[in-house]
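Every read-out reported here was derived from the displayed coordinates using simple, explicitly stated rules and does not represent laboratory data. Because the structure is predicted, anything quoted here is derived from the model rather than measured. No Cβ is skipped: glycine too gets one built from the backbone with ideal geometry, and neighbour counts run over all protein chains shown.
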Amino acid sequence: MVDASAVLAWLFKERGENAVDKVLPFAVLSAVNLAEVLYRARKQGVRIVEVPVVWRNSSPTKVSAVRSSLDMLKHVIRLRFRV
C-alpha cells in the first residue's frame with residue numbers, strides 16, 4: 001500500500017519518485033488516499049477525467065457502501081479545511 005504523499009511525489013516528479021515508480025504498478029491505494037491525491041492534483045492544475053470501468057460484484061463483500069462513503073466524505077472535508 002502506498003500513501004498519498006508517495007503518489008503525489010510520483011505525480012509531480014518530486015524527490016523519491018523513482019522509488020514510487022518501481023512499486024506503483026503493484027501498489028494499492030485506499031479510497032481516502034485517492035481522494036487526497038485527486039484533490040491536491042486538481043489544485044495544482046492537473047486535468048482529472050473519469051474513466052469507465054466494468055464492475056464485477058463478488059459476494060460476500062465486507063464493504064459497506066454507506067459507511068465507506070461517509071468515511072470518505074469525512075476525510076475530504078477534513079482535507080479541504082486543513083489545506
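With the condition kept exactly as written, say whether any residue in the range 60-74 is β-branched (Val, Ile, Thr), surrounded by 10 or more Cβ atoms within 10 Å (Cβ to Cβ) and outside any loop (DSSP other than H, G, I, E, B).
Of the residues in the range 60-74, the ones β-branched (Val, Ile, Thr) are 61, 63, 66.
Right, trim to surrounded by 10 or more Cβ atoms within 10 Å (Cβ to Cβ) and you get none.
Taking every residue of the range 60-74 in turn, none turns out to be β-branched (Val, Ile, Thr), surrounded by 10 or more Cβ atoms within 10 Å (Cβ to Cβ) and outside any loop (DSSP other than H, G, I, E, B).
From Val49, Val53, Val28, grab the single residue that is surrounded by fewer than 12 Cβ atoms within 10 Å (Cβ to Cβ), under 11 Å from the mean Cα position of the chain (by Cα) and either free of Cβ contacts under 8 Å to residues at least 40 places away in the same chain or not in a loop (DSSP other than H, G, I, E, B) (or both).
Details: Val49 fails: under 11 Å from the mean Cα position of the chain (by Cα); Val53 fails: under 11 Å from the mean Cα position of the chain (by Cα).
The unique qualifying residue is Val28.
Take the range 13-59 and flag every residue that is aromatic (Phe, Trp, Tyr) and within 24 Å of Ile77 (Cβ to Cβ). It would help to see each step written out before you state the result.
As a first pass, look at the range 13-59 and keep what is aromatic (Phe, Trp, Tyr): 26, 39, 55.
Listed by number, the list holds a single entry, Tyr39.
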